[in-house]
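In what follows, a structure is listed as structure tokens, so that the remarks can point back to it.
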Amino acid sequence: MSDTVIKITNLVKEYKMFKSKKDRLFETIIPGYEKHDTFRALDNLNLELKKGEVLGILGKNGAGKSTLLKMITGVATQSSGTIEVNGKISSLLELGAAFNPELTGYENIYQHGQVMGLSDEEIKQKEKEIIEFADIGEHLSQPVKTYSSGMFARLAFACAINVDPDILIVDEVLSVGDMAFQLKCFKKFEQFKEKGKTIIFVTHNVADVLSNCNRAIILENGRKTFDGSVKDGVNRYKKIIVGINPDEDETKKIIKKENENNSAEFWKDKLNKNPNMIEYGNNEAEVIDYGSFDSEENLVNVFDNQDTITFKSKVKFYTQVKDPIFTLTIKDFAGKDVAGTNTNIEKVITGKFEAGETAIAEFTQKIPIAPGKYTVSFSCTKYNLQGDLEALSRKYDALLIEIITTKNTVGLVRLDSEIKISKI
């Protein structure tokens, strides 16, 4: 038996776009009258998903992500192409869509289960688990229309997550309710992964994709432009969201204007550089050097997590730039952001730089994270007149560092606690 749970072939979804309500009305009632433009939300998309895969779908607003999910779940129909689904789907796409506001929460548990194709006996077996998961107490016997938005979301999530689907679709709604309920949601999601369920995960948070998914696709203007590893997908998507074409050779790599014949003058050449660094920018500036230093200004790439470390980046400007943003990011080897900051977050006024000038950005701090090997990324960005972020120069995973410790650490962050024990 095939382990393919979803197979999408040549999928197209088009919407009619009318310039006025009158055009829409006339086209509806007058045979042969056409006065619309066509918007193609999905364009000849092909996708095959195997059992146990956790797929992250990345894309800017309007890329077609929600349209794709709605068609997989049957909320919307395709204009052409086929969607084959082998298994029961539960969607966290539109929580509570099957609820009747006039019915009580208890009655809606059964209505939702029936919509999902469960018999009353099957729903009865799940009833206690759903009620305990939602944890809304006596409100369960009240009409859903009297619920707060938080209670509604809790019950809807509990119904959707506890029907034991083969395929789970999550669209930016993994966490609802208070912190205790969010913890239950994430634990349930982890249980689904451990059981080998197939999951489609849509979010704008690339850290969530890195943490939860084992495959990624990118949608752009309704087309699938990437399908592969999560780390590669996230790196590509980061270029897309700042307006860089990820398919350009070296992505607009800046022409070197700095004489680098004497490599001994550069900090980066005395440290452990990453040969697979990703770099791109818009030619207005370039991160020409970077390094990590101890408190005595010695170049180091191995340090204790209680030491004070300074990361420096040297940025040369090739045109006038006002209020550039200098950034620093530390990531683990899976590509997940561990820590980072920038001059915008720290409210540092950077001023104006003319063409030919060079800036040195220094970030000094302790890094109390667990021992291990990490990468350090440096960049220079700015906001343009439209308020969009532009990458002048980014060097992702440029520097390889190792963090050690003089004491054991539980989890990701080192806690240097002052502990008092008393007897009463």
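Among the numbered criteria (1) in contact with a Ser or Thr (Cβ under 7 Å, 6 or more places away or on another chain); (2) under 24 Å from ASN384 (Cβ atoms), which one does ILE241 miss?
Checking ILE241 against (1) in contact with a Ser or Thr (Cβ under 7 Å, 6 or more places away or on another chain); (2) under 24 Å from ASN384 (Cβ atoms), the one that fails is (1).
Which strands (runs of 3 or more DSSP E) does the stretch 1-101 wholly contain that include 2 or more residues that are farther than 26 Å from LEU168 by Cβ?
4-17, 37-50
Can you tell me which residue within the stretch 407-424, out of those that are surrounded by 10 or more Cβ atoms within 10 Å (Cβ to Cβ) and β-branched (Val, Ile, Thr), is modelled with the highest pLDDT?
VAL413
Can you confirm whether the stretch 24-37 contains a residue that is under 27 Å from the mean Cα position of the chain (by Cα), more than 30 Å from HIS139 (Cα to Cα) and aromatic (Phe, Trp, Tyr)?
no
Please work out which residue is most open to solvent (accessible area, probe 1.4 Å), limiting yourself to the stretch 295-313 and to residues that are of a type in the set (S, T, N, Q) and assigned to a strand (DSSP E or B).
THR308
What single numbered condition from (1) at pLDDT 80 or above; (2) β-branched (Val, Ile, Thr); (3) open to solvent by 20 Å² or more (accessible area, probe 1.4 Å) fails to hold for VAL234?
All conditions pass for VAL234, except number (3).
Let me confirm something: among GLY81, GLY62, GLY96, which residue is open to solvent by less than 40 Å² (accessible area, probe 1.4 Å) and at pLDDT 85 or above?
GLY81
Go through the stretch 196-231 and report how many residues are surrounded by 15 or more Cβ atoms within 10 Å (Cβ to Cβ) and in a helix (DSSP H, G or I).
Number satisfying all stated conditions: 7.
Among residues belonging to the stretch 16-59 that are out of contact with any Phe, Trp or Tyr (no Cβ under 9 Å at 6 or more places or on another chain) and basic (Lys, Arg), point out the one that is least open to solvent (accessible area, probe 1.4 Å).
Residue satisfying both the conditions and the ranking: LYS50.
Which condition breaks for GLU132 when tested against (1) closer than 18 Å to LYS195 by Cβ; (2) touching a helix residue (DSSP H, G or I) at 6+ places or on another chain (Cβ under 9 Å)?
Going through (1) closer than 18 Å to LYS195 by Cβ; (2) touching a helix residue (DSSP H, G or I) at 6+ places or on another chain (Cβ under 9 Å) one by one, GLU132 breaks only (1).
Can you find, within the stretch 277-294, the residue that is most open to solvent (accessible area, probe 1.4 Å) among those that are among the hydrophobic types (A, V, I, L, M, F, W, C), within 25 Å of ALA370 (Cβ to Cβ) and part of a strand (DSSP E or B)?
Selected residue: ILE278.
Being modelled with pLDDT under 95, touching a strand residue (DSSP E or B) at 6+ places or on another chain (Cβ under 6 Å) and of a type in the set (A, V, I, L, M, F, W, C) is the filter here, so list the residues in the stretch 370-390 that pass it.
LEU389
The values are calculated or read from the model by the stated rules, or taken from the named source; none is laboratory data. Computed from a predicted structure; not experimentally measured. Don't worry about glycine lacking a Cβ; one is built from the backbone with ideal geometry, like all the others, and counts go over all protein chains shown. For accessibility, only protein heavy atoms count, side chains too; no ligands or nucleic acids. Shrake-Rupley method; radii C 1.70, N 1.55, O 1.52, S 1.80 Å.
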